[in-house]
Amino acid sequence: MEAKTKRILGIVNDYIIITLGLLSYTAGWVIFVLPNELVGGGVSGIGAIIQYATGIPVAYSFFVINLVLLLIALKVLGKGFGVKTVYAIVVASLFFRVLPLVIPESFIREIAIPNGKLLCALIGGCLSGLGIGMTFSKGGSTGGTDIIALMVTKYRNVPPGRIILLMDIFIVGSSIFLPSEDGFGVRIANIMYGYILVAACGFTVDLSVSGTKQSVQVFIFSKKYSEIADMITSTMHRGVTVLNGYGWFTKNDEKVLMVIIRKVESNQLLSMIKQIDRDAFLSVGSVMGVYGNGFDAIKTKNKKLKI
């Protein structure tokens, strides 16, 4: 019964975080991007182009295009992903429709328009990127190019923000063909603002998604190495490697513990070590990537051998 309750609470927590991420994502667009007639990336960018050209609200095109992409992704990413993404697409579409009605136009004009397109592109990109990252972290997606990015990252160790950025270059650049009374120079400027927007979004996605996955390698020098090793394996459930060392200054044999943990776990580890041995000597360094049990999986494309 307790396990079932934890599972239900975990699911509820996932959907709460996804909802907050979608709110951040759509708020970035509704408050900072669309009022300045900027074009960002993804399906939202396509929806913005459609809205500027025809007057059809982003909410409708966002929903229809994402629905088509979702059907393609169901087989690749599984039904669990599909459920959360269907939820995300529906909720994001509702937010795109409701937020412009709820947020006073005077507020948008006060906070966004006077600050200029450059600042709005940066703030809007960061808000939307944060929302995408929050949604990614719980196995969902805001749809569009995010779905494509997740399909690629399932098989390749490529940051999702980089994939999104490359695909969005074309979407933003295509806005130059929008009918407009502005001169050619203004169109080029808007495209550059759009590129700044998607760059800020992609950077924030990588930061929010990869931030919790960053790992550190810790070397621990202590006479109470056995107690510390037992504590790490029993409490933190992390593997420990005991290395033989020789202290050149003390001319004594030493035991050195090596452990790799997530960066977010480092404070917990240091606190526990301090409780066992206040005189322990530690070396902590960041690592580029950790693959294997308890960390990231090695993603390779299966290739058939030709004989």
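Among the numbered conditions (1) of a type in the set (Val, Ile, Thr); (2) in contact (Cβ under 8 Å) with a residue 12 or more places away in the chain; (3) open to solvent by 50 Å² or more (accessible area, probe 1.4 Å); (4) closer than 28 Å to Val186 by Cβ, the only one that Val86 does not meet is (4). Of the residues making up the stretch 1-29, those that are in contact with a helix residue (DSSP H, G or I) (Cβ under 8 Å, 6 or more places away or on another chain) and more than 15 Å from Ile132 (Cβ to Cβ) number 2. Can you find, within the stretch 39-65, the residue that is least open to solvent (accessible area, probe 1.4 Å) among those that are farther than 18 Å from Val198 by Cβ and under 23 Å from the mean Cα position of the chain (by Cα)? The extreme case among them is Ala59. In the stretch 3-32, of all residues being closer than 15 Å to Thr85 by Cα and aromatic (Phe, Trp, Tyr), the one that is surrounded by the most Cβ atoms within 10 Å (Cβ to Cβ) corresponds to Tyr25. Residues that are free of Cβ contacts under 8 Å to residues at least 12 places away in the same chain, surrounded by fewer than 14 Cβ atoms within 10 Å (Cβ to Cβ) and among the charged types (D, E, K, R) are absent from the stretch 208-226 altogether.
Checked across the stretch 20-36, the condition of being within 25 Å of Ile188 (Cβ to Cβ) and not in a helix (DSSP H, G or I) holds for no residue. Each residue in the stretch 1-43 was checked for being of a type in the set (Gly, Ala, Ser) and at pLDDT below 90, and 5 pass. Filter the stretch 114-163 for residues that are outside any helix (DSSP H, G or I) and among the basic types (Lys, Arg); which is nearest to Val83 (Cα to Cα)? That would be Lys138.
The set of residues in the stretch 55-73 that are within 25 Å of Leu118 (Cα to Cα) and either without any contact (Cβ under 8 Å) to a residue 24 or more places away in the chain or not in a helix (DSSP H, G or I) (or both) comprises Gly55, Pro57.
Just the residues that are open to solvent by 60 Å² or more (accessible area, probe 1.4 Å) and either not polar (S, T, N, Q) or not in a helix (DSSP H, G or I) (or both), please, taken from the stretch 100-110.
Going through the stretch 100-110, the residues open to solvent by 60 Å² or more (accessible area, probe 1.4 Å) turn out to be 100-102, 104-107, 109-110.
Hits for the stretch 100-110 are Pro100, Leu101, Val102, Pro104, Glu105, Phe107, Arg109, Glu110.
The values are calculated or read from the model by the stated rules, or taken from the named source; none is laboratory data. Only a predicted model underlies this, so the values are computations on that prediction, with no experimental measurement involved. All Cβ positions, glycine included, derive from the backbone under ideal geometry; neighbour counts span all protein chains shown. Heavy atoms of the whole protein, side chains included, go into the accessibility calculation; ligands, DNA and RNA do not. Shrake-Rupley method; radii C 1.70, N 1.55, O 1.52, S 1.80 Å.
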